[in-house]
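Enquirer: The structure's right below; bear with me while I get my questions together.
The values are calculated or read from the model by the stated rules, or taken from the named source; none is laboratory data. Since this is a predicted model, take the numbers as computed values, not measurements. As a convention, Cβ positions derive from the backbone with ideal geometry for all residues, glycine included, and neighbour counts pool all protein chains shown.
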Amino acid sequence: MIEIQNVSKQYTSGRGHIAALTEISFTVEAGEGVILAGKSGSGKTTLLNCIGTLESPDSGIILCNGRDICALSPRQRALFRRKEVGFVFQASNLLPWLTVAENLQFPLELNGIYGTAQRQRIEELLATFGLSGFEKALPGELSGGESQRIAFARAIAHAPALLLADEPTASLDSTTGRQLIELMFSLCRSRQTTLFIATHDQELLEMTEKILYLKDGRMENRRCP
Amino acid sequence: MRLGFLLKLSILILLRSWRATAVLSFMVISAVTALVFLSSLAVGTNDAMIRNSTGLFSGQITGSVDRASETLRLAIPGVERVLVRRHQQMLVWQDEAVEPILLMGVDPVAEKENTALWKKTVSGRYLLPGEEAIYLSEATAQRLNLSVGGKVQLGARPGTALKTLTVVGIYKTGITQLDQGMAFCPREAFPLADGSIAVAVFVQAGTSPDDIVAQYRHLVSAGTFTAWTEFMPDLQQLIDLDSICMAIVMVLVFAIVSVGISCAFLIFTLKNLREHGIMKAMGLMSGDTALLLVLQIGLLTLCAALLGTVTGVAAVTLCAHIGIDISAFTSHNQYFAVSGVLYPRLTATALFTPPLLALVFGLAAAVWPTLYIIRKNPADILRSV
C-alpha cells in the first residue's frame, strides 16, 4: 500500500521558487492501477519521482507498506528502487548498447537473479510480450511500440511491488499506446503490482480504476470509475 | 552487481559506441607508439655513442695485466673479444723533430676486425701483420714533418734508436686522447720485448661492463680494469641526461594525453548521460557506476596501450633493421666518430614504461567523468536530457 501524506515540493530556479507539488495526500492499495492526469508542468513527473525515491519531497511523508521511504539514506533508496520499483520512461528508455535480452538481463543482475533462473525469466518475458526472436536485436532496430514493450518488460522483470510509468505512450500512436496501457493494467493486476501512470493523454483516462488529477502541483479531485 | 556483468557492460558500451572508442583509442595508441619508439631511439642513440666511443680503440673495458698468460682468463661469459696490446712510453724522432708518444704494439688483423680506428685513415693504409711499420696520428705526423713512406726512429732518448719504422698510414679521429701522443705498430715490430701488457675488452650486447670488471677484479688479482663508465665520465653523464630527458618527455606527453582523454571521455559520458540516469534510477549504486566508468576507460586505455606497444615495437623493429642515418648532423661530434647511424633498441623500460604510464594516466583521467556522474541525481539527469 502507498500512503502519501501532505507531500510538497518546490524547485528553485532563475525564475524564483516554483511549487511543483503542494500538500498532496492520497492512498493507493497494493495491486491498484492509478493514472496521474494533468497538463505538462502540473507535477505528475515530480510526484512519480518522489514515489520512486528519485527525489525527496520538501515536506510530507510517503509510506510504502508502512515504511517511510523519504527517510531512507541514498544507498537505501537505491536498494529500494532496485528491488521494489520498476520504471518506464517516456522514450529512449532502453540502454542502446545492449540487446533486448541484455536490457532484460540488467534488472535481474541488479537483483541477484543469475544463471538458469535468469535465462528462463528473460524467455518468459519475451514470450509474454510477444517479442520472442528479438533477443539479439539492438534498441535502434526496434519500432517505438516494441521499444516500449521491452521497457515495460524490463520494468517488471524483477517482479517489483511498484511500477511507475512516466508518459509511456508519448512516442506511440494511439492504438499502440492503448494496447501498451491495457497490457500494463492487466499484468499489474495479475501480479499485484501497484501501477502509477503519468499521462496527459485523455483517451487513456477511461481505462483505469483510479485517476488523480493534478493542476499546478495540487490535486484537483479524485474520481473513481 | 557482479563484476563480470559490469565488465561485459563496459565492453559492450565500448564496442557498440565504436566511433567514440576509436577516436579515444587513437590518442592513446599514437602516444604509446611514439613513446615506445622514442624510448628505443634514445637507447639506440646511447648505444651508438657508446659503440662509437669504445669501438674506435678502447673497448668497453680497458686494463693492464702483469703476465701475458693472465689475458687467457679474461674470456668469460658475456665477453665477446679480448684484444691484447703491448705499450710503452717512448720518443719518436725524425731529423731534429722529437715527439713523446705512447707506442702500442697491436695485432693488426684482430684490431681491424674489432675496432674502427683503421676507418679513420686520412692518408696511406692501416698496418699489416709483421711489417716494420708505424701508424701515426695526423697531428704527430705534422709535428715530425712526416708523410706516408717516411721513416721514424724510436727510442728512450734521441740518438739511441731502438728501431726504425716506416710510416704506412696517418689517421685522424677528432678525439684528443687518440690524436695526441699515440702511435701504433704491429706487435712483431714493437721495439721492446717486455713492454706493459694492455687489454681492450669488448662485451656482448646487453652485458654490463661494470659487472665484467667486478668479475675480473675477483679473477685477476695482478691487474687493473676500468669500464668505459669510469674512463669516459662525460659520456656516462650524457647518457644519464638523455634518460632524464626521456622520462620528463614521457610524463609530459601522458599528462597532456590524459587531460585530452579526460575531456573526450567526459564528452563521451555526457553523450550517454540519460542512460547513466536510467541505470541509476533502476538502482545501480554509485560504486557500481564508478566501477563501470573506470572499467570502460581502463579497458579502453589497456587495449589501446597494448596496440600502441605493438605498433611501436613494429616501428622499432623496422628501423632497427635499416637504421636511421643522422651522419649529416654528427660529423663534428666526437661521440659519433665512426658512424652516425642509429639503431633503435627495445629495452624492458622502453617497452613497458609507455603502456604502464598510459594506464596510470588513463585511470586518472577517469576520475573527473566518474565524479561528475556519481554526484548527479538521477532525477536531475532524466529531467535535463
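Enquirer: Any idea which residue in the range A:38-66 is surrounded by the fewest Cβ atoms within 10 Å (Cβ to Cβ), counting only those that are away from chain B (no Cβ under 14 Å) and more than 13 Å from A:S8 (Cβ to Cβ)?
Expert: Filtering first and then ranking leaves A:G66.
Enquirer: If A:L205 meets every condition in (1) under 20 Å from B:M282 (Cβ atoms); (2) part of a helix (DSSP H, G or I) apart from one, which number is that one?
Expert: (1)
Enquirer: For B:I29, state whether it is among the β-branched types (V, I, T), on the phi < 0 side of the Ramachandran plot, within 14 Å of chain A (Cβ to nearest Cβ) and in contact with a helix residue (DSSP H, G or I) (Cβ under 9 Å, 6 or more places away or on another chain).
Expert: So B:I29 does not fit the description; no.
Enquirer: Within the set of pairs 6+ apart or on separate chains, which have a first residue in the range B:268-284 that is more than 7 Å from chain A (Cβ to nearest Cβ), a second that is assigned to a loop (DSSP other than H, G, I, E, B), and C-beta atoms under 6 Å apart?
Expert: These pairs meet every condition: B:L273/B:V385.
Enquirer: Among the numbered criteria (1) more than 10 Å from chain B (Cβ to nearest Cβ); (2) surrounded by 14 or more Cβ atoms within 10 Å (Cβ to Cβ), which single criterion is violated by A:K136?
Expert: Tallying (1) more than 10 Å from chain B (Cβ to nearest Cβ); (2) surrounded by 14 or more Cβ atoms within 10 Å (Cβ to Cβ), A:K136 fails exactly one: (2).
Enquirer: Moving to a separate point now. Keeping to the range B:68-104, report how many residues are part of a helix (DSSP H, G or I) and polar (S, T, N, Q).
Expert: Of the range B:68-104, the ones part of a helix (DSSP H, G or I) are B:68-74.
Next cut, polar (S, T, N, Q) only: B:69, B:71.
Going through the range B:68-104 one residue at a time, the tally reaches 2.
Enquirer: Let me ask another. Which of the residues belonging to the range A:67-103 are more than 10 Å from chain B (Cβ to nearest Cβ), closer than 22 Å to B:I13 by Cα and in contact with a strand residue (DSSP E or B) (Cβ under 6 Å, 6 or more places away or on another chain)?
Expert: Of everything in the range A:67-103, just one residue is more than 10 Å from chain B (Cβ to nearest Cβ), closer than 22 Å to B:I13 by Cα and in contact with a strand residue (DSSP E or B) (Cβ under 6 Å, 6 or more places away or on another chain), namely A:V88.
Enquirer: Being free of Cβ contacts under 8 Å to residues at least 24 places away in the same chain and of a type in the set (S, T, Y) narrows it down to one residue among A:S190, A:S147, A:S171; which is it?
Expert: A:S190
Enquirer: Is it the case that the range B:133-148 has a residue that's on the phi > 0 side of the Ramachandran plot and outside any strand (DSSP E or B)? Outline the logic, then answer.
Expert: First pass over the range B:133-148, keeping only residues on the phi > 0 side of the Ramachandran plot: B:145.
Checking the rest, the ones that are also outside any strand (DSSP E or B) come to B:145.
Within the range B:133-148, one or more residues are on the phi > 0 side of the Ramachandran plot and outside any strand (DSSP E or B).
Enquirer: Report whether or not B:R85 is closer than 20 Å to B:V213 by Cα and basic (K, R).
Expert: Against the criterion (closer than 20 Å to B:V213 by Cα and basic (K, R)), B:R85 qualifies.
Enquirer: Now for a different question. In the set B:L357, B:L351, B:L363, which member is farther than 14 Å from B:V36 by Cβ and either within 14 Å of another protein chain (Cβ to nearest Cβ) or assigned to a helix (DSSP H, G or I) (or both)?
Expert: The match here is B:L363.
Enquirer: Among the residues that make up the range A:188-209, is at least one of them on the phi > 0 side of the Ramachandran plot and within 14 Å of another protein chain (Cβ to nearest Cβ)? Steps first, answer last, please.
Expert: First pass over the range A:188-209, keeping only residues on the phi > 0 side of the Ramachandran plot: A:192.
Adding the requirement that they be within 14 Å of another protein chain (Cβ to nearest Cβ) leaves none.
No, because not a single residue in the range A:188-209 is on the phi > 0 side of the Ramachandran plot and within 14 Å of another protein chain (Cβ to nearest Cβ).
Enquirer: Is there a residue being touching a Phe, Trp or Tyr at 6+ places or on another chain (Cβ under 7 Å) and in contact (Cβ under 8 Å) with a residue 40 or more places away in the chain anywhere in the range B:239-249?
Expert: no
Enquirer: Testing B:V167 on (1) more than 18 Å from B:V65 (Cα to Cα); (2) assigned to a loop (DSSP other than H, G, I, E, B), one condition comes back false. Which one is that?
Expert: (2)
Enquirer: A follow-up question, please. Any idea which of A:E124, A:E109 is of a type outside the set (K, R), more than 14 Å from chain B (Cβ to nearest Cβ), within 21 Å of A:R82 (Cα to Cα) and without any contact (Cβ under 8 Å) to a residue 12 or more places away in the chain?
Expert: Being of a type outside the set (K, R), more than 14 Å from chain B (Cβ to nearest Cβ), within 21 Å of A:R82 (Cα to Cα) and without any contact (Cβ under 8 Å) to a residue 12 or more places away in the chain holds for just one of A:E124, A:E109, which is A:E124.
Enquirer: Can I ask one more? Consider the range A:79-113. How many of its residues are farther than 26 Å from B:S17 by Cβ and not charged (D, E, K, R)?
Expert: Counting residues in the range A:79-113 that are farther than 26 Å from B:S17 by Cβ and not charged (D, E, K, R) gives 7.
Enquirer: Of the residues B:L219, B:L302, B:L284, B:L270, which is closer than 30 Å to A:F80 by Cβ, surrounded by fewer than 19 Cβ atoms within 10 Å (Cβ to Cβ) and out of contact with any Ser or Thr (no Cβ under 9 Å at 6 or more places or on another chain)?
Expert: Criteria check complete, one pass: B:L270.
Enquirer: Hey, could you check the range A:11-37 for residues that are in contact with a Leu (Cβ under 8 Å, 6 or more places away or on another chain) and among the β-branched types (V, I, T) and say which is surrounded by the fewest Cβ atoms within 10 Å (Cβ to Cβ)?
Expert: Here is the first cut: in the range A:11-37, the residues in contact with a Leu (Cβ under 8 Å, 6 or more places away or on another chain) are A:21, A:24, A:26, A:32-37.
Then drop every residue that is not among the β-branched types (V, I, T), which leaves A:24, A:34-35.
Details: A:I24: 24, A:V34: 20, A:I35: 26.
Among those residues, the one meeting the criterion is A:V34.
Enquirer: Scan the range B:58-67 and give yes if some residue there is outside any helix (DSSP H, G or I), at pLDDT below 90, surrounded by 20 or more Cβ atoms within 10 Å (Cβ to Cβ) and out of contact with any Cys (no Cβ under 9 Å at 6 or more places or on another chain), otherwise no.
Expert: Looking for residues that are outside any helix (DSSP H, G or I), at pLDDT below 90, surrounded by 20 or more Cβ atoms within 10 Å (Cβ to Cβ) and out of contact with any Cys (no Cβ under 9 Å at 6 or more places or on another chain), one finds at least one in the range B:58-67, hence yes.
Enquirer: Let me ask something else. Name the residue, out of B:G159, B:G174, that is in a loop (DSSP other than H, G, I, E, B), on the phi > 0 side of the Ramachandran plot and touching a helix residue (DSSP H, G or I) at 6+ places or on another chain (Cβ under 6 Å). It would help to see each step written out before you state the result.
Expert: Details: B:G159 fails: touching a helix residue (DSSP H, G or I) at 6+ places or on another chain (Cβ under 6 Å).
Within the list B:G159, B:G174, the selection yields B:G174.
Enquirer: Something else: So the check is Cβ under 9 Å with 6+ separation or different chains; which pairs have a first residue in the range B:69-84 that's without any contact (Cβ under 8 Å) to a residue 24 or more places away in the chain and a second one that's surrounded by 19 or more Cβ atoms within 10 Å (Cβ to Cβ)?
Expert: Partner pairs satisfying both residue conditions: B:L72/B:V82; B:A75/B:V82.
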